[in-house]
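One structure below.
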Amino acid sequence: MNTTDRVLVYGATGHTGRFVIDELLRRGLVPVLAGRSAERLADVPSRHAALDRRVVGIDDPDLLRQAVAGAGAVINCAGPFLDTALPLAHAAVEAGAHYLDVTAEQPVVQALYRDLDAPARAAGVVVVPAMAFYGGLADLLVTAALDGDPQADEVEVAIGLDRWWPTAGTRATGARNTATRLVIRDGALTALESPAPTGTWSYPSPLGDQSVVQMPFSEVVTLDRHLELGELRSYLNTVPLQDLRDAATPAPASTDEQGRSAQQFVVDVVVRRGTDTRRTSATGRDIYAVTAPIVVEGAVRLLDGRHRGAGAAAPGEAFDAADVLATLEREAAIAVRSDRQRSTAGR
């Protein structure tokens, strides 16, 4: 295993990338800043000015491998991941480095599982896509709720945001990602109905009752990777979708010393097995900022050996989900609550 504490961050100058760099420094790791723009890499915040920087595009495999050389792990924050994930993951695996990204795009996760599992196993490294707010957080919550059982009859995931100030990267990814979204029905991945079903979800505080629409993200593919689920439905409340679809909605603005916006979120999951129903939720602030402790926690565990085997894996498959959530809660990144209540949507 590569035990170096150097972590290459691709897309380091982006909004999420800068949160990731700060979190790596806080955790005692050594970030290497990488991206496609020499101009942007030259204009990093003063606190990052002394860090190693590497300008490299995604269209030259040899240069990518050279950029990754010497890193123990690669964190990809550069969307659209439909363009960046496979080239960068291949380069990481060939260089003997672990790979993580923060994609919400289902086709990206499918492609990484399909193309990188065998090479990663042969190289003795791990590929973990969607280790982020979208995808990874729901995967960890569902896995922890199941408490070691790989099977559930029904899972519902409801993501709620009080508002959404999208980054330029979010908008670019949305325009690029036109694939049909997938859910799990009768134990298999299948296309989401069109038009997408709507309903109401009773979120924990601070959101309460909200109108929702089925809007599956990468958690559907990650959960299908390692769990046997009869049904999986994912919802997003409609208020942030209105923000996202409005071209006049501004990018997120910093409101505290950490650079976080005032946005609040809830990820609420309900898991049913026979007569047993468990509800677990995570609440926090700023979906972009919270992605940093999630993905960096994954990188730390890959580097120190607290992971399960090699290959391409879902977050809850690669790591001890309950322990990761407990760590994130101790670090004040999220607050987790579990009970036996049942929440319903679209019924």
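Total residues in the range 11-35 satisfying the condition of being touching a Lys or Arg at 6+ places or on another chain (Cβ under 9 Å) and of a type outside the set (Asp, Glu): the figure is 14.
Against the condition surrounded by 22 or more Cβ atoms within 10 Å (Cβ to Cβ), part of a helix (DSSP H, G or I) and polar (S, T, N, Q), how does Thr173 come out, does it pass?
Numbers: surrounded by 22 or more Cβ atoms within 10 Å (Cβ to Cβ): no; part of a helix (DSSP H, G or I): yes; polar (S, T, N, Q): yes.
It is false that Thr173 is surrounded by 22 or more Cβ atoms within 10 Å (Cβ to Cβ), part of a helix (DSSP H, G or I) and polar (S, T, N, Q).
The single condition from (1) more than 23 Å from Gly305 (Cα to Cα); (2) in a loop (DSSP other than H, G, I, E, B) that Ala130 fails is (1).
A single member of Arg260, Arg272, Arg279 is open to solvent by 40 Å² or more (accessible area, probe 1.4 Å), out of contact with any Phe, Trp or Tyr (no Cβ under 8 Å at 6 or more places or on another chain), at pLDDT 95 or above and assigned to a strand (DSSP E or B), and it is Arg272. In the set (1) at pLDDT below 95; (2) closer than 22 Å to Pro150 by Cα; (3) of a type in the set (A, V, I, L, M), Ala333 fails one condition alone, (2). Are any of the residues in the range 230-246 modelled with pLDDT of 95 or more, under 18 Å from Pro150 (Cβ atoms) and under 22 Å from the mean Cα position of the chain (by Cα)? Checked the range 230-246: at least one residue is modelled with pLDDT of 95 or more, under 18 Å from Pro150 (Cβ atoms) and under 22 Å from the mean Cα position of the chain (by Cα).
Could you tell me which residue of the range 3-35 is farthest from Arg306 (Cα to Cα), considering only residues that are charged (D, E, K, R) and either touching a helix residue (DSSP H, G or I) at 6+ places or on another chain (Cβ under 9 Å) or open to solvent by less than 20 Å² (accessible area, probe 1.4 Å) (or both)?
Initial filter on the range 3-35 (charged (D, E, K, R)): 5-6, 18, 22-23, 26-27.
Next, from what is left, pick out any that are either touching a helix residue (DSSP H, G or I) at 6+ places or on another chain (Cβ under 9 Å) or open to solvent by less than 20 Å² (accessible area, probe 1.4 Å) (or both): 5, 18, 22-23, 26-27.
Details: Asp5: 15, Arg18: 25, Asp22: 22, Glu23: 19, Arg26: 19, Arg27: 16 Å.
So, considering only residues that are charged (D, E, K, R) and either touching a helix residue (DSSP H, G or I) at 6+ places or on another chain (Cβ under 9 Å) or open to solvent by less than 20 Å² (accessible area, probe 1.4 Å) (or both), the one farthest from Arg306 (Cα to Cα) is Arg18.
Taking only pairs six or more apart or across chains, which ones have beta-carbon atoms under 7 Å, a first residue in the range 284-295 that is among the polar types (S, T, N, Q), and a second residue that is outside any helix (DSSP H, G or I) and open to solvent by 10 Å² or more (accessible area, probe 1.4 Å)? From the range 284-295, the pairs are Thr291/Val102.
Filter the range 120-149 down to residues that are over 16 Å from the mean Cα position of the chain (by Cα) and farther than 19 Å from Ser338 by Cα and give me whichever is most open to solvent (accessible area, probe 1.4 Å). Looking at the filtered set, the residue picked out is Arg121. Here Ala85 clears all of (1) part of a helix (DSSP H, G or I); (2) modelled with pLDDT under 95 except the condition numbered (2).
Might you let me know whether the range 87-99 holds any residue that is open to solvent by less than 10 Å² (accessible area, probe 1.4 Å) and farther than 11 Å from Val74 by Cα? No, the range 87-99 has no match at all. Return a yes/no flag: does the range 318-340 have any residue that is touching a residue at least 12 places away in the same chain (Cβ under 8 Å), of a type in the set (Val, Ile, Thr), part of a strand (DSSP E or B) and surrounded by fewer than 20 Cβ atoms within 10 Å (Cβ to Cβ). Yes, the range 318-340 contains at least one residue that is touching a residue at least 12 places away in the same chain (Cβ under 8 Å), of a type in the set (Val, Ile, Thr), part of a strand (DSSP E or B) and surrounded by fewer than 20 Cβ atoms within 10 Å (Cβ to Cβ).
Taken over the range 282-302, the criterion of being crowded, with 23+ Cβ neighbours inside 10 Å and either hydroxyl-bearing (Ser, Thr, Tyr) or in contact with a Pro (Cβ under 6 Å, 6 or more places away or on another chain) (or both) is satisfied by Tyr288, Thr291.
The values are calculated or read from the model by the stated rules, or taken from the named source; none is laboratory data. Keep in mind the model is a prediction, meaning the values are calculated, not measured. Glycine gets a Cβ as well: all are built from the backbone with ideal geometry, and neighbour counts include every protein chain shown. Heads up: the accessible areas ignore ligands, DNA and RNA and are worked out on the full protein's heavy atoms, side chains in. Shrake-Rupley method; radii C 1.70, N 1.55, O 1.52, S 1.80 Å.
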